[in-house]
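S.K.: Just dropping this structure here.
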Amino acid sequence: MVATPIGNLEDITYRAVNILKKVDVIAAEDTRKSSILLRHYQINTHLRSYHSYNLKKETPKIVELLKSGQSVALISDAGTPGISDPGYHLVQTCIEQDIRIIPIPGASAIITALIASGLPSHRFVFEGFLPQKKGRKKRLDQLSEEERTVIIYESPHRILKTVRELRERMGDRWCVMARELTKKFEEFFRGTLSDLMNYIERKPPKGEIVLLIQGFNKRVKKNEV
C-alpha cells in the first residue's frame, strides 16, 4: 500500500519511489494518471489497472500473483490508498488469505486540509463522499449532531448543493473549503457555510475539494452556531 502525491509530484517519500521501482507489479486505480508520476521518477515497473469497476475480476488475479511470490504495490489516483477507493477490498482479501500487508505512508488530502484549516484537529471524523440519493438526508442529520470536526470529499459540480444542505441541517457553522491541495492554484476558504455558499455562487470552484465543518456544540442551538 504505497501513498503517492495528491498534486505536487515532489510530495513522495524516498521509500515509496524505491518500493515502486523494486516491486514486480503496480496496481493502479487510474493507469493514465499514475503513468505521469512513474515517468517523472523513471519507474518502469509493469502497471495494471485496479479500480472499483474491475475489482471483482482483478482481486483474485492479484492474490494469485502474491501467492506465486511476486510483489505488488497498490496505489490510488492520489494520496494514500484504501481511503475512498477500492484498496480496502484488496486489503480485506489479502488478510483473509494470510498475505502480508505493508503500508508505505505519505500524502493524504484529509490530513493536509485539516492541519491548515484552523478547526479542532485533535478529534475529527472523515465521511468521504456523502450518499447522493439513498440515505443522504439521514447521514446529514447524523452529522448535524457530530461534535468532532467533520471532513468530507466533494466534487466541484456538487459542492454548492452540499453546502446548502449542510447549512439547512447544521446551522451557519464555521467551515473550510480546501481546494487543489499542493497544486499551483491551492486555495483555502474560511468562513461560515453561508459565506461559502455566496463565494461559490460568485466563483464556482474547480478541482478536488475537501470540506471541513465545525463540530456541533451542545451549548449552542444549531441555528446559532
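S.K.: Can ILE95 be described as more than 30 Å from LEU166 (Cα to Cα) and surrounded by 14 or more Cβ atoms within 10 Å (Cβ to Cβ)?
M.R.: No, not satisfied.
S.K.: Quick check on this structure: which one of ASP11, ASP85, ASP24 is among the acidic types (Asp, Glu), out of contact with any helix residue (DSSP H, G or I) (no Cβ under 7 Å at 6 or more places or on another chain) and at pLDDT below 95?
M.R.: ASP85
S.K.: Right, here's the next one. Give the number of residues within segment 64-78 that are without any contact (Cβ under 8 Å) to a residue 12 or more places away in the chain and either under 11 Å from LEU90 (Cβ atoms) or in contact with a strand residue (DSSP E or B) (Cβ under 9 Å, 6 or more places away or on another chain) (or both). Steps first, answer last, please.
M.R.: Narrowing segment 64-78 to residues without any contact (Cβ under 8 Å) to a residue 12 or more places away in the chain: 64, 68-69.
Now drop any that are not either under 11 Å from LEU90 (Cβ atoms) or in contact with a strand residue (DSSP E or B) (Cβ under 9 Å, 6 or more places away or on another chain) (or both), which leaves none.
Matching residues across segment 64-78 total 0.
S.K.: Further question on the same structure: Let me confirm something: among LYS218, LYS206, which residue is modelled with pLDDT under 95 and more than 19 Å from the chain's Cα centre (by Cα)?
M.R.: LYS218
S.K.: Output the number of residues of segment 38-63 satisfying the condition of being surrounded by fewer than 11 Cβ atoms within 10 Å (Cβ to Cβ), at pLDDT below 95 and either over 14 Å from LEU90 (Cα atoms) or not charged (D, E, K, R) (or both).
M.R.: Within segment 38-63, residues that are surrounded by fewer than 11 Cβ atoms within 10 Å (Cβ to Cβ), at pLDDT below 95 and either over 14 Å from LEU90 (Cα atoms) or not charged (D, E, K, R) (or both) number 2.
S.K.: Going residue by residue through segment 98-121, is there one that turns out to be among the acidic types (Asp, Glu) and either under 16 Å from the mean Cα position of the chain (by Cα) or under 18 Å from LEU181 (Cα atoms) (or both)?
M.R.: Checking segment 98-121: not a single residue is among the acidic types (Asp, Glu) and either under 16 Å from the mean Cα position of the chain (by Cα) or under 18 Å from LEU181 (Cα atoms) (or both).
S.K.: In addition: Quick one: VAL125 ticks every box in (1) crowded, with 16+ Cβ neighbours inside 10 Å; (2) without any contact (Cβ under 8 Å) to a residue 40 or more places away in the chain bar one, so which box is it?
M.R.: All conditions are met except number (1).
S.K.: Pull out all pairs, ordered by first then second residue, where Cβ-Cβ is under 7 Å, the residues are six or more apart or on different chains, the first lies in segment 37-63 and is part of a helix (DSSP H, G or I), and the second is among the polar types (S, T, N, Q) and modelled with pLDDT of 95 or more.
M.R.: Within 7 Å, the pairs are LEU37/THR4; THR59/THR93; VAL63/THR93; VAL63/GLN97.
The values are calculated or read from the model by the stated rules, or taken from the named source; none is laboratory data. Because the structure is predicted, anything quoted here is derived from the model rather than measured. Virtual Cβ from ideal backbone geometry, glycine too; neighbours counted across all protein chains shown.
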